[in-house]
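Here the structure comes first, spelled out in structure tokens, and everything after it is commentary.
The values are calculated or read from the model by the stated rules, or taken from the named source; none is laboratory data. Not measured: the values here are computed from a predicted model. Positions of Cβ are generated from backbone atoms using ideal geometry, with glycine treated the same way; all protein chains shown enter the neighbour counts. Just so you know, the surface numbers come from the protein's heavy atoms only, side chains and all, with ligands and any DNA or RNA stripped out. Shrake-Rupley method; radii C 1.70, N 1.55, O 1.52, S 1.80 Å.
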Number of protein chains: 2
Amino acid sequence: MTSLRGAKRRSNLRRLRSPRPLHEHKGGPRDDREVRASLICVGSELLRGKINTHSSTLARRLMSVGIHLSQEQTLGDDLQPLSEAIHEAIHRFPVVVVTGGLGPTFDDITREAAAEALGRPLLASGRLLRGIQAKFRRALHRRMPPANARQAQVIQGARAIRNDHGTAPGQWIELKNNRVLILLPGPPRELKPMMERFVTPNLKRLFPSRPREEAHFHFASIPESVVDQRIRPLIARLARRKEVQIEFTILASLGLVDFSVFVSSSVRARARQLVHEVSRFVQRRLGPYCYGVNDAHPLEKVIGNYLRQAGATVATAESCTGGMLGARLTDQPGSSNFYLGGVVAYSNAMKVRGVGVTEEILRKHGAVSKPVAVALAEGIRERFSATYGVGITGVAGPSGGTPRKPVGLVYIAVAGPSTVRVQSFRFPGARDAIRQRAVNASLDALRKTLDYSRRSTS
Amino acid sequence: MTSLRGAKRRSNLRRLRSPRPLHEHKGGPRDDREVRASLICVGSELLRGKINTHSSTLARRLMSVGIHLSQEQTLGDDLQPLSEAIHEAIHRFPVVVVTGGLGPTFDDITREAAAEALGRPLLASGRLLRGIQAKFRRALHRRMPPANARQAQVIQGARAIRNDHGTAPGQWIELKNNRVLILLPGPPRELKPMMERFVTPNLKRLFPSRPREEAHFHFASIPESVVDQRIRPLIARLARRKEVQIEFTILASLGLVDFSVFVSSSVRARARQLVHEVSRFVQRRLGPYCYGVNDAHPLEKVIGNYLRQAGATVATAESCTGGMLGARLTDQPGSSNFYLGGVVAYSNAMKVRGVGVTEEILRKHGAVSKPVAVALAEGIRERFSATYGVGITGVAGPSGGTPRKPVGLVYIAVAGPSTVRVQSFRFPGARDAIRQRAVNASLDALRKTLDYSRRSTS
């Protein structure tokens, strides 16, 4: 994130370390309207090598309701330091989120630590207990183990947050002076829907933000640095306008780039106008690379929608990606409407037998070559009677590279009713990154083909 | 992490938040010999959605020299909170690592913040400056921009840490009472080699560790709670032995469970003995579920090794997993030695045409059924002339479930030279979790078949 107000905030280094009384903190040292949040992740496994994706997940969702994540910390499963950290955080930040440590075992100590920090008792909730027992019966087909009864304990004054994907309910504890402590389970598949359905709507209610507009743009087949270079001067120019505050983020991952812009202003029309200007600029300068705006539909969903609208189908023939493209296309529910299936032609024999690549092409050009990518795309399209066929062949490494065909070289072909397009790529990174980039690039190649055919028929 | 010393530490919750004088902190509240580290990650981008991999990287490297990462925190590019956090951390932990914020721009404030926290001046180093200038000339073929001169500033008393992959040197500042503050640049490709070459050897010198032994066990097809129930009493018993300290972690993810045990003792033989007892216990009580010990080989690698040793091959026929099993089997380099390929038979037509499932079986039993799983496994085995064939069919949801065939129902079959085994599962969770659990279960089904055939032939 690049905040164009940063420079002002740097002066006046204070050294306050003891907790300050609540009433001093209503505004905080920054913009009166800026609501700041602190995230505390609990779990010794996060200090033992497990990658923590919580701050990434929560930062974005908080930002969507105008709340800035100001600090994140990760602590082990020890009661005392956690309780101290919660105590300190709720005195410094109006929004404190604690993730993890809500499981049934004795090292799940978030409930106790939060109760300690607030100086409130933990109460056993009969309603929650019955809910957890019912979950075990219905979803897991067994009786609730006695240990799980702990998950029905709530802090006095807390609202339970429903968890549709696990047994641990979350807790929402509103404190005086418009502050809130939120406890959420650690597993992302439980945490994310709870954030969407309960936490962000309630945060919005508690902290109605200054009029705020935002837009999100999703790009493929363009480097992050190019997006950054083109957009930064525009943002700098817009930031000079009066009474607006504009911020943006650029996140890149394996060949995909997400750009978000956030504008707040006391006058909503002004914020809206700025977002509109950014959108127009993106369309003009980066249009062909942009596969989606706002709703963060993954590329495979965009493609699914295109195919469904056209009544078209696709089949895949993958070599170096080993099934990853098929896996991505079927990530979305309902993909059976447009994805027929595919062949993982990992061995040469399978390229011949499963897809109909000729021995001659393989001999003449080698398995990693443009003609083989084309033969895979055309062969699978024909065998499956699909509207489109995608063929991928490449060197994922780490071994198997040669000076002429180095690790990272991937050919991607898309065969349609009348044309075949084939492209070569040199992807950086390790085996997994190369394979994921190849999948993203093949999805984007398919998108471009579909986009082209949509435009030429409409 | 579950520490059996936890219970003792729970009492007497202290509320010390102001910095305590250095001499009080030499040992900390735990074992005198346990060296604890704190990690501070600097960078507003890490609070705006970027995934932070530093704690994962550093935790493992620190653990390799017997140092426990006890806390991690992420802060934005603001001088005051960072300086406060460093000040507090160096009073609480003997090892403090700060990553990021060593770049040349004005929002890179780690040098200043650390200098403030230590109350020491920043000095311009002529030697470092000449080094950075030379890097620009040699590697980037241009003159050093004036801004980069800041990267040659070192805290009084610091040793510079050479950076072979970027312009920002690190800093190693030894403090009194055997404490150290370490500043490292943020980019992983700069940070990792600096950790390897300079930081871990110097930490080893500064904190020669107490003898320490550990073991790691990897399970499939068994719930986390069962592993926990069986192992906990053993650990509790062992923890009562004199002069040992035993800790363990249990991590579960989508049908796989990892259990690690860490033992330290002033007598290495004693630590080794305890780890040995745990290993024997695991073998006796959980043997069939354990697919790996120590080296954390993923399940697909274990299977690859089995297949390679046996000179056997495998082919896959996937329906609801859409290629994910193929993708997993080809995650490992060299998988072309044993994985021939597969068919993603997402549509019924493809089950018939691509794998040879008969229309009759599909009509009679439905696509999600035991006979279809068997037909997929046997069909693909035959078509690809593979030693083993794996067939998966199921309802990944969220729609498509019926009372008789609910979402989460998955049939997995493994066909070998003489037998076919088929199992049904009811996986909990959302679409993605169901698909991933199905892949893990099918890998484990294959492992069991291979394991059985290894044992019956040896």
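Some observations on this one:
- Test: residue in the range A:340-360 that is within 12 Å of chain B (Cβ to nearest Cβ), at pLDDT below 95 and over 21 Å from B:PHE384 (Cα atoms): no
- Residue match in the range A:77-95 (condition: outside any helix (DSSP H, G or I) and within 8 Å of chain B (Cβ to nearest Cβ)): yes
- Boolean, B:ALA113 is open to solvent by 10 Å² or more (accessible area, probe 1.4 Å) and either part of a helix (DSSP H, G or I) or within 14 Å of chain A (Cβ to nearest Cβ) (or both): no
- Pairs with Cβ under 9 Å, 6+ apart, first in the range B:76-88 and touching a residue at least 40 places away in the same chain (Cβ under 8 Å), second assigned to a helix (DSSP H, G or I) and acidic (Asp, Glu): B:LEU82/B:GLU112; B:LEU82/B:GLU116; B:ILE86/B:GLU116; B:HIS87/B:GLU116
- Residues being more than 10 Å from chain A (Cβ to nearest Cβ) and small (Gly, Ala, Ser) - total across the range B:400-416: 4
- Residues within the range B:273-292 that are open to solvent by 80 Å² or more (accessible area, probe 1.4 Å) and either closer than 19 Å to B:SER253 by Cα or within 24 Å of the chain's Cα centre (by Cα) (or both), tallied: 3
- Looking across the range A:216-230, the residues that are within 20 Å of A:ARG447 (Cβ to Cβ) and either open to solvent by 30 Å² or more (accessible area, probe 1.4 Å) or not in a helix (DSSP H, G or I) (or both) come down to A:HIS216, A:PHE217, A:HIS218, A:PHE219, A:ALA220, A:SER221, A:ILE222, A:PRO223, A:GLU224, A:VAL226.
- Taking (1) of a type outside the set (Asp, Glu); (2) out of contact with any helix residue (DSSP H, G or I) (no Cβ under 8 Å at 6 or more places or on another chain); (3) surrounded by 20 or more Cβ atoms within 10 Å (Cβ to Cβ) in turn, A:VAL95 satisfies each apart from (2).
- In summary, helices (runs of 4 or more DSSP H) completely within the range B:294-369 and bearing 3 or more residues that are surrounded by fewer than 18 Cβ atoms within 10 Å (Cβ to Cβ) occur at B:299-310, B:348-355, B:359-365.
- Scope the range A:180-191; condition surrounded by fewer than 21 Cβ atoms within 10 Å (Cβ to Cβ) and either on the phi > 0 side of the Ramachandran plot or at pLDDT 95 or above (or both); matching residues: A:VAL180
- Any hit, the range A:35-52, residues being more than 10 Å from chain B (Cβ to nearest Cβ), on the phi < 0 side of the Ramachandran plot, at pLDDT below 85 and open to solvent by 10 Å² or more (accessible area, probe 1.4 Å): no
- Test: residue in the range B:155-168 that is under 17 Å from B:LEU39 (Cβ atoms) and either over 32 Å from the mean Cα position of the chain (by Cα) or without any contact (Cβ under 8 Å) to a residue 24 or more places away in the chain (or both): no
- Selection within the range A:246-259: residues that are within 18 Å of A:GLY66 (Cβ to Cβ) and at pLDDT below 85. The member of this set that is nearest to the other protein chains (Cβ to nearest Cβ) is A:THR249.
- A single member of A:VAL410, A:VAL390, A:VAL439, A:VAL414 is under 28 Å from the mean Cα position of the chain (by Cα), more than 18 Å from A:TYR306 (Cβ to Cβ), open to solvent by less than 10 Å² (accessible area, probe 1.4 Å) and aliphatic (A, V, I, L, M), and it is A:VAL410.
- Cβ-Cβ distances below 7 Å connect the following pairs, each with a first residue in the range A:378-399 that is away from every other protein chain (no Cβ under 13 Å), a second residue that is open to solvent by less than 70 Å² (accessible area, probe 1.4 Å) and among the polar types (S, T, N, Q), and a separation of six or more residues or different chains: A:THR387/A:THR313; A:TYR388/A:THR449.
- Selection status of A:ALA269, away from chain B (no Cβ under 13 Å) and surrounded by 18 or more Cβ atoms within 10 Å (Cβ to Cβ): no
- Taking the range A:155-169 as the range and being among the charged types (D, E, K, R) and under 13 Å from A:ILE182 (Cβ atoms) as the test, only A:ARG159 passes.
- Consider the range B:417-436 and keep the residues that are among the small types (Gly, Ala, Ser) and within 12 Å of chain A (Cβ to nearest Cβ). The one that is least open to solvent (accessible area, probe 1.4 Å) is B:ALA433.
- Unmet criterion (only one of (1) farther than 23 Å from B:ASP331 by Cβ; (2) in contact (Cβ under 8 Å) with a residue 60 or more places away in the chain; (3) assigned to a helix (DSSP H, G or I)) for B:SER264: (3)
- Each residue in the range B:181-214 was checked for being in contact with a helix residue (DSSP H, G or I) (Cβ under 8 Å, 6 or more places away or on another chain) and among the polar types (S, T, N, Q), and 1 pass.
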